[in-house]
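Student: Pasting in a structure now, in structure tokens, and then I'll have a few things to ask.
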Amino acid sequence: MAITFALIKETKTPPDKRVVLSPEMCQEVMKEHPDARIVVESSDIRVFKDDDYRAVGVEVSDDVSEADVMLGVKEVKEAALIPKKKYFFFSHTIKKQPYNRSLLHTVLDKKIELFDHELITRPNGARLIGFGFYAGLVGAYNAFRALGMRDKLFDLPKVETLHDLQELKSELDKIQVPKNLRIILSGTGKVARGANEILDHMKIRQVTDADYLSLTFDEPVYCLIDVTEYNRRIDGKPMDKYEFYDDPSGHESDFMRYAKVSDMFIAGHFYGDGAPYLFTREDAKNPDFKINLVADISCDIDGPVASTIRSSTIADPYYGYDPVSEEETAFDAPGAITVMAVDNLPCELPRDASFGFGEMFLKWVIPAFFNGDKDGILHRARMTTENGTLTERYSYLQDYVYGGN
């Protein structure tokens, strides 16, 4: 069966330059799947220009309403949603986010089949696709940019002014960080791996927990920690990671031992409901708390990282957190914790992020349309039906959509 896919223009503000498929990937889709056709909605926003698509033989049009499947990145404006179509985008509704309740309501009203990128998973729920790795790359870079600005050590340009990841790394090659800098990085997923790549590129040495907590160094070092390092069982028994994931009650934070010997914290962890906070506002008041710069890539507001009291923006990425008053201050104010909490970091590296995302979309999603969805990729990602109802898997959102909890 022939299927027409449309790369739709991003309509969310601020503008997002990312795209699901690059021009070359569009070519690849149509080569591997003769029944696939792709049309690109004209846009002066995305990182790849209209002419880049035309140059490889992909049609560009102001009207893509003929397409069967609409492919976007961020939420689509309600007025722009075309009834009775299939849509792919990050809807930010599965956690009952109040700011997108109306969007999901409109999707149902217009009898749209919504597939959420966040729900493109393996049967066990592990995500197959996303921008987390690029968030980690940009978040770690922004941490060093903040350090240079605040302490007047060096000047790094904004990531959004750079062409790609290669140029970003070239800028980092020009700077020298303090010899006594100690960095803690939390997480073991894609975000942490992105930050890891930046630290390793800068030749900052990774050391073990035991050495990090007990030794002094005459060079910059970092330590990577996961849930078993920054949490502990209250009863003192050995901690089991999988038991913690199933039920985090009965555990408490053990992060302070790292906070006592660290200057910078790059937060790349996933925070689950009910888990202990890494550090609280009271912890930040402790005279032994030494962290003075936090790059919170995970960006949970008023959550596990006490200094993250709001998200920041690409235009204005840094603010200060005064641990005494528990209020915002200047990012370079004396005694403040400098905070970077941009919640859309991959937007700063749109070219590389689009390539990485597109590779995974090409591998997992496009084939599902032509192989009878034999691996259940589309089934798991489909939130709504052509009849204007929620699928069984996401029926828990019924009350949320129609004004309940």
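Student: Filter the stretch 371-405 for residues that are over 23 Å from PRO98 (Cβ atoms), surrounded by fewer than 16 Cβ atoms within 10 Å (Cβ to Cβ) and not acidic (Asp, Glu) and give the result.
Tutor: Listed by number, the residues that qualify are ASN371, GLY372, LYS374, GLY376, HIS379, THR385, ASN387.
Student: Going through ASP52, ASP68 one at a time, which residue ends up being at pLDDT 95 or above and touching a Pro at 6+ places or on another chain (Cβ under 6 Å)? Please lay out each step first, then the result.
Tutor: Numbers: ASP68 fails: touching a Pro at 6+ places or on another chain (Cβ under 6 Å).
Selected residue: ASP52, the only one of ASP52, ASP68 that is at pLDDT 95 or above and touching a Pro at 6+ places or on another chain (Cβ under 6 Å).
Student: Now, a different point. Being of a type outside the set (A, V, I, L, M, F, W, C) and assigned to a helix (DSSP H, G or I) is the filter here; which residues of the stretch 1-53 pass it? I'd like the intermediate steps shown before the answer.
Tutor: Keep residues of the stretch 1-53 that are of a type outside the set (A, V, I, L, M, F, W, C), which gives 4, 9-18, 22-24, 27-28, 31-35, 37, 41-44, 46, 49-53.
Once the filter is applied, which keeps residues that are of a type outside the set (A, V, I, L, M, F, W, C) and assigned to a helix (DSSP H, G or I), the stretch 1-53 yields PRO23, GLU24, GLN27, GLU28, LYS31, GLU32, ASP50, ASP51, ASP52, TYR53.
Student: Does ILE337 fit the bill of being touching a Leu at 6+ places or on another chain (Cβ under 9 Å), crowded, with 16+ Cβ neighbours inside 10 Å, modelled with pLDDT under 95 and of a type outside the set (D, E, K, R)?
Tutor: Values: touching a Leu at 6+ places or on another chain (Cβ under 9 Å): yes; crowded, with 16+ Cβ neighbours inside 10 Å: yes; modelled with pLDDT under 95: no; of a type outside the set (D, E, K, R): yes.
Answer is no for this residue.
Student: Can I ask one more? Residues that are within 16 Å of LYS290 (Cβ to Cβ): find the helices (runs of 4 or more DSSP H) completely inside the stretch 227-272 holding 3 or more of those. Break it down stepwise before answering.
Tutor: On the way: elements: 227-230, 241-246, 256-259.
Result: 256-259.
Student: Now for a different question. Grab the strands (runs of 3 or more DSSP E) fully contained in the stretch 81-189, keeping just those with 3 or more residues being closer than 29 Å to GLN206 by Cβ.
Tutor: Values: elements: 86-89, 113-116, 182-186.
Qualifying strands (runs of 3 or more DSSP E): 182-186.
Student: Follow-up. Can you tell me which of ALA275, ALA336, ALA353 is of a type in the set (A, V, I, L, M) and in contact with a strand residue (DSSP E or B) (Cβ under 7 Å, 6 or more places away or on another chain)? Full working, then the answer.
Tutor: Numbers: ALA275 fails: in contact with a strand residue (DSSP E or B) (Cβ under 7 Å, 6 or more places away or on another chain); ALA353 fails: in contact with a strand residue (DSSP E or B) (Cβ under 7 Å, 6 or more places away or on another chain).
Exactly one residue qualifies, and that residue is ALA336.
Student: List pairs: first in the stretch 358-386 and among the small types (Gly, Ala, Ser), second in a loop (DSSP other than H, G, I, E, B) and surrounded by 15 or more Cβ atoms within 10 Å (Cβ to Cβ), Cβ under 7 Å, 6+ apart or cross-chain?
Tutor: What qualifies is GLY358/VAL20; GLY358/LEU21; GLY358/SER22; ALA368/ASP375; ALA381/ILE120.
Student: Which condition number in (1) in contact with a Gly (Cβ under 6 Å, 6 or more places away or on another chain); (2) touching a residue at least 40 places away in the same chain (Cβ under 8 Å) is the one that CYS299 fails?
Tutor: So the condition that CYS299 fails would be (1).
Student: Of all residues in the stretch 125-139, how many are in contact with a helix residue (DSSP H, G or I) (Cβ under 8 Å, 6 or more places away or on another chain) and over 19 Å from SER354 (Cα atoms)?
Tutor: So the first thing to find is which residues in the stretch 125-139 are in contact with a helix residue (DSSP H, G or I) (Cβ under 8 Å, 6 or more places away or on another chain), and the list is 127-139.
From the residues that got through so far, the ones that are over 19 Å from SER354 (Cα atoms) too are none.
Total satisfying the criteria: 0.
Student: Let me ask something else about it. For the list (1) under 21 Å from GLY268 (Cβ atoms); (2) touching a strand residue (DSSP E or B) at 6+ places or on another chain (Cβ under 6 Å); (3) free of Cβ contacts under 8 Å to residues at least 60 places away in the same chain, I need the number of the one condition that GLY125 fails.
Tutor: Only one criterion in (1) under 21 Å from GLY268 (Cβ atoms); (2) touching a strand residue (DSSP E or B) at 6+ places or on another chain (Cβ under 6 Å); (3) free of Cβ contacts under 8 Å to residues at least 60 places away in the same chain is unmet by GLY125, namely (2).
Student: Now for a different question. For the stretch 266-296, enumerate the residues that are touching a residue at least 60 places away in the same chain (Cβ under 8 Å) and over 17 Å from the mean Cα position of the chain (by Cα).
Tutor: Of everything in the stretch 266-296, those that are touching a residue at least 60 places away in the same chain (Cβ under 8 Å) and over 17 Å from the mean Cα position of the chain (by Cα) turn out to be LEU278, ILE291, LEU293.
Student: Another one. Select from the stretch 1-43 the residues that are over 18 Å from HIS117 (Cβ atoms) and among the basic types (Lys, Arg) and list them in ascending order.
Tutor: Selection gives LYS31, ARG37.
The values are calculated or read from the model by the stated rules, or taken from the named source; none is laboratory data. Predicted model only: the values in this text are computed from it and were never measured. Quick reminder, even Gly has a Cβ in these numbers, built from the backbone with ideal geometry, and neighbours come from all protein chains shown.
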